[in-house]
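Okay, so here's the structure we're looking at.
The values are calculated or read from the model by the stated rules, or taken from the named source; none is laboratory data. It should be emphasised that the depicted structure is a prediction, and the values quoted were computed from it without experimental measurement. A quick note on method: Cβ atoms are made from the backbone with ideal geometry, for glycine too, and the neighbour counts reach across all protein chains shown.
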Amino acid sequence: MDLNSKIYIAGRGMVGSALVRKLQDAGYRSIVAPTSKELDLRNQSEVMRFFRQEQPDYVFLTAAKVGSVQANIESPLDFLYDNAMIILNVMHAALTSAMHRLMLIASTAVYPRDAVQPVSEASLLTGAFEPSNEAYALAKTMGIKFCQYAAQQDPGRFVAVTPSNIYGPGDRYDEKTAHVVPAMVKRFHEAKLSGANAVTVWGSGKQVREFLYVDDVAEACLLLMGTHKGGGPVNIGPGTPTTIMQLADAIARVVGFAGNILYDVSKPEGAPSRTSDVSILNSYDWKPAVSLEEGLNLTYLDFLKRA
């Protein structure tokens with residue numbers, strides 16, 4: 001990409017907003033990033049019209065319907081339909097345009113529940129998905145396969161990346177739909193304000209995850225857009241596993257909650273472990289710049305501004 005390239009950010013959520021910030025800071029002059037109200041990516045005719053009018057050179061497909069474990073369990077059809085339509089519409093329009101390259105931002109949720117950890121990119125479709133987010137994972141896997149098939153007939157134009165759990169400024173703090181970090185931030189903050197003596201976390205606390213600050217994800221995406229030539233996927237992760245118990249303790253420290261943390265093993269907790277083999281990414285000499293503790297502090301400051 002050069003500074004005059006027209007870059008389309010599909011999705012103005014947390015990752016999309018971070019990409020816009022990074023690109024603007026780097027001096028890119030032509031960034032197009034309509035909101036979901038301005039462009040419904042589930043509508044094929046709207047998406048095709050947008051590509052004809054804007055003719056972007058590069059596309060970052062960050063848009064997705066996302067939510068908590070409970071939201072995925074309760075509304076699998078919504079997660080499958082919305083994500084599948086977004087992916088197919090944007091990627092088909094890109095394929096039939098003069099665009100140079102598209103990057104799909106997927107998720108490590110695409111990998112099998114029981115894959116060997118840390119999970120490598122070769123593990124895709126070698127086992128069953130985690131049932132609690134199967135619909136979301138199925139749609140994202142379809143997008144990854146689109147990138148791989150497109151790369152076979154049109155090398156270099158499509159790439160998919162699979163980040164670990166993303167958190168940071170711009171996240172959603174609604175406990176019904178939020179991912180684990182923002183949901184915990186809100187819960188511990190409210191417990192501190194109310195003087196509660198305990199906070200309950202779903203699951204055993206032993207489940208293992210990796211957490212990556214959103215600006216680090218954006219930096220990795222920009223690097224791979226310019227360097228990685230295969231269709232992907234390419235894992236993006238910190239390379240440092242964290243249990244949910246460790247995460248809860250860290251958030252309690254950041255928020256200033258001094259009570260007890262309880263674990264409800266009757267609630268769903270997702271896959272027992274989800275960590276990433278980041279050998280491909282590391283071959284490009286990339287490392288995250290923001291530690292978990294620092295990132296949680298920045299996230300809590302963002303929450304307080306928006307509370």
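Some values worked out for this structure:
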| quantity | calculated |
| --- | --- |
| Long-range neighbours under 7 Å by Cβ, at least six apart or interchain, first residue outside any helix (DSSP H, G or I) and modelled with pLDDT of 95 or more within the range 21-35, second surrounded by 15 or more Cβ atoms within 10 Å (Cβ to Cβ) and of a type in the set (Lys, Arg) | Ser30/Lys6; Val32/Lys6; Ala33/Arg12 |
| Qualifying residue in the range 60-72 (condition: over 16 Å from Leu222 (Cα atoms), surrounded by 16 or more Cβ atoms within 10 Å (Cβ to Cβ) and modelled with pLDDT of 95 or more) | yes |
| One residue from Lys192, Lys206 being of a type outside the set (A, V, I, L, M), at pLDDT 95 or above, within 19 Å of Asp249 (Cβ to Cβ) and in contact with a strand residue (DSSP E or B) (Cβ under 8 Å, 6 or more places away or on another chain) | Lys206 |
| Residue match in the range 160-183 (condition: over 18 Å from the mean Cα position of the chain (by Cα) and not β-branched (Val, Ile, Thr)) | no |
| In the range 254-269, residue surrounded by the most Cβ atoms within 10 Å (Cβ to Cβ) [restricted to those that are small (Gly, Ala, Ser) and under 20 Å from Glu293 (Cα atoms)] | Gly259 |
| Some residue of the range 113-135 being aromatic (Phe, Trp, Tyr) and touching a residue at least 60 places away in the same chain (Cβ under 8 Å) | no |
| Residue in the range 11-20 that is surrounded by the fewest Cβ atoms within 10 Å (Cβ to Cβ), counting only those that are part of a loop (DSSP other than H, G, I, E, B) and not charged (D, E, K, R) | Gly13 |
| Meets criteria (buried (at least 18 other Cβ atoms within 10 Å of the Cβ) and within 19 Å of the chain's Cα centre (by Cα)) for Ser132 | yes |
| Search result, residues across the range 138-169 that are modelled with pLDDT of 95 or more and hydrophobic (A, V, I, L, M, F, W, C) | Leu138, Ala139, Met142, Ile144, Phe146, Cys147, Phe158, Val159, Ala160, Val161, Ile166 |
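One line per residue, one yes/no per condition, for (1) surrounded by 14 or more Cβ atoms within 10 Å (Cβ to Cβ); (2) in contact with a Phe, Trp or Tyr (Cβ under 9 Å, 6 or more places away or on another chain); (3) farther than 22 Å from Ala63 by Cα:
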position: Lys229; (1), (2), (3): no, no, yes
position: Gly232; (1), (2), (3): yes, yes, no
position: Pro238; (1), (2), (3): yes, yes, yes
position: Pro241; (1), (2), (3): yes, no, yes
position: Asn282; (1), (2), (3): no, no, yes
position: Leu292; (1), (2), (3): yes, yes, yes
